[in-house]
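Some notes on the structure that comes next.
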Amino acid sequence: MSSKATDSHTLNSLKDLLLKPEQKQIQRIEKRLDDPMIRANEISNALPDAISLSMMGSDKLPRAIQPVIDGSLKISVQKNPKAYADAIFPALGPGIRKAISSTLMGMIQSLNQALNHSFSLNGLKWRYEALKTGKPFAEVILLNTLVFQVEQIFLIHKDTGIVLEHVVAKDAIIQDPDLVSGMLRAIQDFVKDSFSTDSDDDLETLRIGSNRTVWIEKGEHALIASVLRGTPPLDLRIQYQELLEEIHLKSSIALANFDGNPSPFAFYREPLKDGLKSKAKTDKIKISPLLLCVFIFIFALIFYWGFTKYQNHQIWQGYIARLESQKGLILLSTKKKNRHYYISGLRDPLAHNPDDLLKENEKRQIFITSHWTPFYSLDPKFVIQRARLILAPPSTITLSLSGNTLYADGIADQMWIEQFKRISVTLPGIDRYNDDKIQNTDRHRLVAELKALSDMRIYFKNNRSRLVKGQEDFLNQVLQKLLVIQTLQSRTSLSVQIIIFGHTDSSGTEKLNLKLSRNRAEKVFNYLLVNGINPAFLTLSGVGTQRPLANEKTLDDRRYNRAVSFKTFYINSIRGNL
Amino acid sequence: MKKKVCMLGAFAVGKTSLVQQYVHSIFSDKYHTTVGVKIEKTTVMAGDTDVDLILWDLHGEDEFQHVRLSYLKGSSGCIYVADGTRENTLATALNLQQIAQNTIGDVPFILVINKQDLINQWEIDKKTIDEIKKQGIPVIMTSAKTGDEVERAFTILTKKMMEK
């Protein structure tokens, strides 16, 4: 029994001796496993390395913890939304700003295009397309009209500026992409350093001349820079941004660990090539009928305008020529202001009416305002015309002009002749007159009347100074003649004298006869006197038998000498014509 | 393989002329003064791989103009250039190395002391160079004028970058 106990003790001692270190180790391990604090401490030390290792190998870990993260994010956001809002605001703000500005840019672009294409045939076609597809009209226009070409696209590693991939359009001329990309990156840094205060502000667009643009889309590790010519649609930019996002999603590790070897990114060559879009200008220039109509209308308008202008010019020139050729019209100035023509000049009242030189249809076509100042033309035509108008010669008179002398030829009465002499020299263009060829009608008549009077006899009763019955009429005729003579005499320059001769027949004594003849002459004289004949014309004389009016061959012949006869004289008081 | 390499150094140490015979450039020197950098490219054989060095030739550091640190970002290596005939350019180069290291961390680099053709006018003595070498900084003395050692400088840096 005691040996058994001793054996057991020895075994235990041996066990202790042999296994003590292991036991202690086991105890320590047990303690480590049982104590959660120690375990947590150990795991916390190993976790970062474990995660790093896991990330390097595969995406198993992210996949595994994704639901956990999603869940905890959800709870956290629900619990304290403000903290998240504050946290994502700096990231969201620039993004929203960018989206708004690019939308606005797009809107302006579409508005421009829409305005330009509202009225073309294509415009109608596109309206139909917009209606059919439900897209905004402006967008349809944009899609159909933009002419552009993407020349090259660079996929650039952000930090190094090294080209990861580069695609070029067939006909684009390029420089070494590595150098261009490096410089582009440098310039971006330069611009950012020089002008930007916000770390998110970057050079996004470069404009080269009016036709070339460089778009730079920025990602965390890479950039896409596209060189474009023309007016590319902004949709394209979104496409590049999406491609860049895709690249980051698929190759974030390769991008983050980029060591200068671009071969892993060759994979993106095709997607980048897809971005090399272009839209060529349509070769055929289609003109919409409406536009054509507008052109034709404008052309017709211009033609009509030109033709009217030409026609008006012709009318104007013709009118001026006609005015210039007209006598009695002197043009002083002509001018044209807008559609109005102005004329000023001198016009003889006798000249042709200038208005009549324009035809009716011409008057309707051009507007002429004329101002004519009256004047006397010294043209012989007007001088003679004016003389005729003012002197109003009788039809028997012909007026003519030679030099500055006015000639009158024909028959006129004294009154007109006087007027002719008086007025003609006062007329413009006439210095002298010539009346040598005027025959004075009043003189002619006066002479004729005087002659007729000298043939008239008034017979008396035998041995008496009383008229033979029926001779009163003759006496009255004599009176009438003398009244005419008296009037004519006053109108001519002739001085008239009439001798009333009293006659007797041969019977009786000479003495008695003289007395009787005188009584007879006095009888007539008195009658004339009381009836208004100026006595200055009249002289009376009783000649008895001394101037017998008839030969007394028979007794009956004696009665022809019992009479009163008239002898008439006239002398020119001034120079005149008979 | 493509590597971004920054070339830094004081004003007029010959950075530009150093690489001129070996590089391909499409930009004029104007960029140095306007943007502060000019990008050039040269291809170096490292083992059996061709390595394109995208050289960012940064504007010479002087009292008026400082290097834009943002240009250093993403560099796989740096070449610091000093002018053997001007001792202060060496200080500038070492100073730039410190600045770059603070900005982009440890990247392979070499120190190039240029103008070996004017060795008798050098202000930097051999002792100084040896001390720098002792610190583990590879120093290569080149002559941009004759082209001596230039190619080797690029090759050494490329190898260092590839080893990393």
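What the table shows:
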item	result
Relative contact order [Cα under 8 Å, 6+ residues apart], chain A, whole percent	8 percent
Dipole of the protein assembly as shown, positive direction: furthest Cα of A:Q188, A:H221, A:T539, with charges on the beta-carbon	A:T539
Dipole magnitude of chain B about its Cα centre (Cβ charges: Lys, Arg +1; Asp, Glu -1), debye to nearest 20	380 debye
When chain B is reduced to its Cα atoms, the Kirkwood hydrodynamic radius in Å	15.6 Å
Antiparallel DSSP beta bridges within segment A:442-572, as percent of all bridges there, nearest 5	70 percent
Of all DSSP beta bridges in the protein assembly as shown, antiparallel share, percent nearest 5	60 percent
Segment A:K277-A:K381, length gained on full extension (0.36 nm per residue, minus Cα span)	28.4 nm
For segment A:146-279, convex hull of alpha carbons as volume per residue, Å³	111 Å³
Å³ per residue enclosed by the Cα convex hull of the protein assembly as shown	445 Å³
Lysine pair count for segment A:161-316 [Cα-Cα under 27 Å; pairs on different chains or 8 or more apart]	15
Residues A:D35, A:D356 arranged by fewest to most Cβ contacts within 10 Å	A:D356, A:D35
Computed over segment A:442-572: relative contact order in percent, which uses C-alpha pairs under 8 Å that are six or more apart	37 percent
Likely footprinting exposure, A:H313, A:H157, A:H248, fewest C-beta neighbours within 10 Å first	A:H313, A:H248, A:H157
Listed residues B:I39, B:I104, B:I54, most fluctuating in chain B (Gaussian network, C-alpha, under 10 Å)	B:I104
Chain A: DSSP helices with Cα axial extent of at least 24 Å and average Kyte-Doolittle hydropathy no lower than 0.5	A:289-325
Whether segment A:380-430 is rounded, prolate or oblate, judged on the alpha carbon gyration tensor where a/c under 1.5 counts as rounded	prolate
Estimated dipole of segment A:289-382 in Debye, rounded to 20 [Cβ of Lys and Arg +1, of Asp and Glu -1, Cα centre]	240 debye
Computed over segment A:380-430: relative contact order in percent, which uses C-alpha pairs under 8 Å that are six or more apart	40 percent
Among B:S25, B:S75, B:S143, residue whose mean-square fluctuation peaks in a GNM of chain B (springs only between Cα atoms under 10 Å)	B:S25
Residue among A:A550, A:L350, A:A172 farthest towards the positive dipole end of chain A, charges placed on Cβ	A:A550
Ascending count of other beta-carbon atoms within 10 Å, so fewest first, for A:F367, A:F258, A:F195, A:F154	A:F195, A:F367, A:F258, A:F154
Segment B:50-115: chymotrypsin sites (Phe, Trp or Tyr not before Pro) in DSSP loop, at most 11 other beta carbons within 10 Å	B:F64
Positive dipole terminus of chain A, leading residue within A:N12, A:H157, A:Y128 (C-beta point charges)	A:Y128
Three principal axis lengths of segment A:442-572 [C-alpha, angstrom, descending]	44, 26, 24
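Throughout, read-outs are computed from the coordinates displayed, never taken from laboratory work. Everything quoted here is computed from the prediction, not taken from an experiment. Neighbour counts are summed over all protein chains in view; Cβ atoms, including those assigned to glycine, are modelled from backbone coordinates with ideal geometry.
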